[in-house]
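Below is one structure, written out as structure tokens; the observations come after it.
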Amino acid sequence: MQVSQEELYSIFLKNLVISTDSRQIVPGSIFFALKGDNFDGNQYAQRAIDSGAACAVIDDPAFENNKTLLVENVLISLQQLALFHRNKFNIPVVAITGSNGKTTTKELVNTVLCQRYNVTATIGNLNNHIGVPLTLLRINDQTEIAVIEMGANHEYEIDGLCRIAEPTHGLITNIGKAHLGGFGGYEGVIRAKSELYNWLRENKMKAFVNADNPLLMGLSGGIERILYGTAQGFFVAGKIIENTSNLELDWVTAYEIHEIKTNLVGDYNFENVMAAICLGVYFEVESNNILSAISNYVPSNSRSQAVKTARNSIVLDAYNANPTSMQLAIKNFRQAKSMHKMVILGDMLELGDESLSEHLGISRILEESDFEKVVLVGPDFMQVAGSKFTCFANSEMAYQWLAEQHITGFSILVKGSRGIRMEKVLDAL
């Protein structure tokens, strides 16, 4: 017999922790037996119970016993449970999406808001149809604001996540050429990311918008907007002071001017920092606390990290890559104050039919640059630039070659899509 949503929620309130991996069970948690392309979680329900789960939510009666809860669809039940739980709390829920910088922006926003509030935020980049519900289910009676990162590689995913999270506020960092294969081209990306604005507009909610971005300004029409950017008169305005090493900027509200030095590299992080400042000011975090939070924030997980080795200075931005972020990274690195500059770039994945042309475009930008050394990694870069630069099929081969070169005294940009695993080359530098 299937359990109702109310019964499932009552059980959740007695346990509060959700597990989705039978190998990493939290004792007393509820195990949701999710399905994947190559596995059926129902088959691991008993293992989860034996490992300490209080019960397991399944959708296959063949695995039913006295510690299982039968539902029609485990994933849908998880999402409905998250929505049901979210609606028990009358708090701001801030949704953040975008092609580039959404995780960094989410981390900065979380860091700033935590100066005043108890915040429940997305951990890492758990930003999909499973990660968003899991984040919502961590909201508790102490939570004062929730910050929810939303990712997508197909149309209608953001719309679906909005219907689960029901955000009161939203922010799109930017819209660039990411996941082109799944979206069917750049126009598909625009439509997909706009789904957050559509939700906010239809439900009369608010958006934080980078007013320097004409595309975002056009798409966000009809929404109550809190604007940030470089022009005076916005809710928060700022400008870059220094970006050849760590990013420094000043920001201005109607009453105050502040200067801030970050641990981030790249002028492309300016808009991420400004977004966090804007949310901090809007939610009335003290200015000194905003300054302290952003100044002390240190990026991790290969996102705009400044890494110093015994021989070289490295900008490690190897968590993800798409044509837009790659161009911005190269443009910024051109401005680096160094006599010896080297770039090591990995393929950009999930670009579909446009992949080769986009890699060729990056190759041409590199040809026009003055980098002393260029190393490209991955089959697409090899195909379009193999005769122009030093190229390798994978990061292991690149590592072996770099280890033999004993590169010393260089500033080095390392960037590529996560699947290329460009961080592997670090030990050779």
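Selection of region 332-371 for residues being modelled with pLDDT of 85 or more and polar (S, T, N, Q) yields 355, 357, 363, 369. Tell me, yes or no, whether region 344-357 has at least one residue that is free of Cβ contacts under 8 Å to residues at least 24 places away in the same chain and closer than 26 Å to residue 186 by Cβ. Yes: one or more hits. Exactly one residue among 138, 163 is under 24 Å from residue 75 (Cα atoms), at pLDDT 95 or above, among the charged types (D, E, K, R) and in a helix (DSSP H, G or I), and that residue is 163.
Restricting attention to region 367-410, the residues being among the small types (Gly, Ala, Ser), touching a residue at least 40 places away in the same chain (Cβ under 8 Å) and buried (at least 21 other Cβ atoms within 10 Å of the Cβ) number 3.
Only residues that are more than 26 Å from residue 21 (Cα to Cα), polar (S, T, N, Q) and not in a loop (DSSP other than H, G, I, E, B): list them for region 106-135, please. Write out each step before concluding.
Initially, region 106-135 is screened for residues more than 26 Å from residue 21 (Cα to Cα), giving 108-118.
Among the residues that remain, those that are also polar (S, T, N, Q) are: 110-111, 115, 118.
Those that are more than 26 Å from residue 21 (Cα to Cα), polar (S, T, N, Q) and not in a loop (DSSP other than H, G, I, E, B): 110, 111.
Scanning region 281-288 turns up one or more residues that are among the aromatic types (Phe, Trp, Tyr), surrounded by fewer than 22 Cβ atoms within 10 Å (Cβ to Cβ) and over 17 Å from the mean Cα position of the chain (by Cα).
So which residues in region 166-177 are open to solvent by 10 Å² or more (accessible area, probe 1.4 Å) and either among the β-branched types (Val, Ile, Thr) or modelled with pLDDT under 85 (or both), if there are any at all?
Keep residues of region 166-177 that are open to solvent by 10 Å² or more (accessible area, probe 1.4 Å), which gives 166, 168-169, 174-175, 177.
Of everything in region 166-177, those that are open to solvent by 10 Å² or more (accessible area, probe 1.4 Å) and either among the β-branched types (Val, Ile, Thr) or modelled with pLDDT under 85 (or both) turn out to be 168, 175, 177.
Among the residues of region 253-298, those that are charged (D, E, K, R) and within 22 Å of residue 315 (Cα to Cα) comprise 261, 267, 271.
Per this entry, residue 144 is not counted among residues that are among the acidic types (Asp, Glu) and under 20 Å from residue 194 (Cα atoms). Evaluation of residue 78 against the conditions (1) buried (at least 23 other Cβ atoms within 10 Å of the Cβ); (2) within 24 Å of residue 203 (Cα to Cα); (3) modelled with pLDDT of 95 or more; (4) under 20 Å from the mean Cα position of the chain (by Cα) shows that the sole unmet condition is (4). Out of curiosity, is residue 244 open to solvent by less than 50 Å² (accessible area, probe 1.4 Å) and closer than 17 Å to residue 281 by Cα? Criteria not met by residue 244.
The values are calculated or read from the model by the stated rules, or taken from the named source; none is laboratory data. Computed from a predicted model, the values in this text were never measured in an experiment. Note that we place each Cβ from the backbone using ideal geometry, even for glycine, and neighbour counts take in every protein chain shown. Accessible surface areas use protein heavy atoms only, side chains included; no ligands, DNA or RNA. Shrake-Rupley method; radii C 1.70, N 1.55, O 1.52, S 1.80 Å.
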